[in-house]
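Novice: Quick one: the structure is below, and I'll ask about it shortly.
The values are calculated or read from the model by the stated rules, or taken from the named source; none is laboratory data. Worth saying up front: this structure is predicted, and the values here are computed from it rather than measured. We place every Cβ from the backbone using ideal geometry, glycine too, and count neighbours over all the protein chains shown.
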Ligand code: PSU
Ligand code: MN
């Protein structure tokens, strides 16, 4: 059996020519942001990557075909579609085999990127260990994927809706380097500060690229997680965001929200509780991550 896969023309050209490419996920479009900001953001982020000298490859499953790079029409349709599957490692082969349409999470996007030969991937936030995981066992497959698949993921650090210390512990167990970019503290998505020291710190895209090449040279599987702090001008300080986080978490618990619905529910409630401010910050940090990812991808191809 062969994998039905399709490359967007600009991605195919870049792969052929050995030019830098940055993968992008699609769950952020279908389950992470409301329409129309989701489509606008996806397009802006693609432009940011092109402006930084790399080629964007947004990844999704459309009618059973794994797409590496979407056309404008496909992206707009996905951003408005309803009932799209949220596809992680467990769901990806099922979605393709059924001929269904699915948006890829960080885990599934990493898998697709590795198959396509793309080494760098930018997103907003990754999944992690949820608070109360000692009861629910809710630990995102994104963390295990980072231990398996050789892709460098640029995100803005674990969201405060997660248990950040436990998230770092699980990543350490799986041998994943967690690299804070340009600061000692691990950033926490909407806020630059988390109150926790980062396991590793790097200050340049070149250093991140070299560390990735060394992993490959040593034959080590797995990727790297770069935690890139949200720009100062766009951040929501911890003391401002935390009360909203507590409210959203309490509501999720009271309503019995579980499994795949937890992250989308919390993101939607944060949007409502902050009157849209969480989304403005989210857009700014994804763009910031895309720019850094483009620099890392350029460092990897510059020889
Ligand atoms: N965090 C965000 N926005 C998102 C997600 C996480 O700020 O859109 C999405 C990503 O696709 C991530 C997924 O891979 O949620 C994690 O879901 P879960 O916790 O169910 O594994
Ligand atoms: Mn989960």
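Novice: Please determine whether any residue of region 52-61 is assigned to a helix (DSSP H, G or I) and within 25 Å of residue 157 (Cα to Cα).
Specialist: Within region 52-61, not a single residue is assigned to a helix (DSSP H, G or I) and within 25 Å of residue 157 (Cα to Cα).
Novice: Being crowded, with 23+ Cβ neighbours inside 10 Å, away from ligand 2 (no atom under 11 Å from the Cβ) and within 18 Å of residue 179 (Cβ to Cβ) narrows it down to one of 108, 122, so name that one.
Specialist: None of the other options fit; the residue is 122.
Novice: Exactly one condition in (1) within 12 Å of ligand 1 (Cβ to nearest atom); (2) surrounded by fewer than 19 Cβ atoms within 10 Å (Cβ to Cβ); (3) within 28 Å of residue 211 (Cα to Cα) is false for residue 285; which is it?
Specialist: (2)
Novice: Just to verify a result, which residue in region 207-248, among those that are part of a strand (DSSP E or B) and touching a helix residue (DSSP H, G or I) at 6+ places or on another chain (Cβ under 7 Å), is nearest to residue 283 (Cα to Cα)?
Specialist: 226
Novice: In the list 55, 94, which residue meets the criterion of being under 16 Å from residue 7 (Cα atoms) and free of Cβ contacts under 8 Å to residues at least 60 places away in the same chain? Write out each step before concluding.
Specialist: On the way: 94 fails: under 16 Å from residue 7 (Cα atoms).
So the residue among 55, 94 that is under 16 Å from residue 7 (Cα atoms) and free of Cβ contacts under 8 Å to residues at least 60 places away in the same chain is 55.
Novice: Considering 222, 206, 147, 182, which residue is within 30 Å of residue 276 (Cα to Cα) and touching a residue at least 12 places away in the same chain (Cβ under 8 Å)?
Specialist: Only one candidate qualifies: 182.
Novice: Looking for something in a loop (DSSP other than H, G, I, E, B), within 16 Å of ligand 2 (Cβ to nearest atom) and modelled with pLDDT of 95 or more - is there at least one such residue anywhere in region 71-88?
Specialist: yes
Novice: If we only count helices (runs of 4 or more DSSP H) wholly inside region 113-195, which ones have 1 or more residues that are more than 16 Å from ligand 1 (Cβ to nearest atom) and in contact with a strand residue (DSSP E or B) (Cβ under 9 Å, 6 or more places away or on another chain)?
Specialist: By residue number, 164-173.
Novice: Could you grab the pairs with beta carbons closer than 8 Å, sequence gap of 6+ or different chains, first residue in region 276-295 and at positive phi and at pLDDT below 95, second one surrounded by fewer than 23 Cβ atoms within 10 Å (Cβ to Cβ) and outside any loop (DSSP other than H, G, I, E, B)?
Specialist: Once the first residue is at positive phi and at pLDDT below 95 and sits in region 276-295, no partner that is surrounded by fewer than 23 Cβ atoms within 10 Å (Cβ to Cβ) and outside any loop (DSSP other than H, G, I, E, B) comes close enough.
Novice: Name every residue in region 253-270 that is within 12 Å of ligand 1 (Cβ to nearest atom) and assigned to a helix (DSSP H, G or I), in order of residue number.
Specialist: Within region 253-270, 259, 260, 261, 262, 263, 264, 265, 266, 267, 268, 270 meet the criteria.
Novice: Got at least one residue in region 36-49 being more than 20 Å from residue 290 (Cα to Cα), surrounded by 14 or more Cβ atoms within 10 Å (Cβ to Cβ) and in contact with a helix residue (DSSP H, G or I) (Cβ under 8 Å, 6 or more places away or on another chain)?
Specialist: For region 36-49, residues more than 20 Å from residue 290 (Cα to Cα), surrounded by 14 or more Cβ atoms within 10 Å (Cβ to Cβ) and in contact with a helix residue (DSSP H, G or I) (Cβ under 8 Å, 6 or more places away or on another chain): absent.
Novice: Kindly check whether there is at least one residue in region 244-257 that is closer than 22 Å to residue 85 by Cα, touching a residue at least 12 places away in the same chain (Cβ under 8 Å) and surrounded by 14 or more Cβ atoms within 10 Å (Cβ to Cβ).
Specialist: yes
Novice: Among the residues of region 274-291, how many are in a loop (DSSP other than H, G, I, E, B) and touching a helix residue (DSSP H, G or I) at 6+ places or on another chain (Cβ under 7 Å)? It would help to see each step written out before you state the result.
Specialist: Applying the first criterion (in a loop (DSSP other than H, G, I, E, B)) to region 274-291 yields 274-276.
Imposing the further condition that a residue be touching a helix residue (DSSP H, G or I) at 6+ places or on another chain (Cβ under 7 Å) reduces the set to 274.
Residues meeting the conditions: 1.
Novice: Then there's this: Could you list, in sequence order, all residues of region 101-112 that are in contact with a strand residue (DSSP E or B) (Cβ under 6 Å, 6 or more places away or on another chain) and more than 9 Å from ligand 1 (Cβ to nearest atom)?
Specialist: 101, 102, 112
Novice: To continue, here is another question. Looking only at region 267-282, count every residue that is closer than 30 Å to residue 114 by Cα and surrounded by 22 or more Cβ atoms within 10 Å (Cβ to Cβ) and tell me the total.
Specialist: The qualifying residues number 3.
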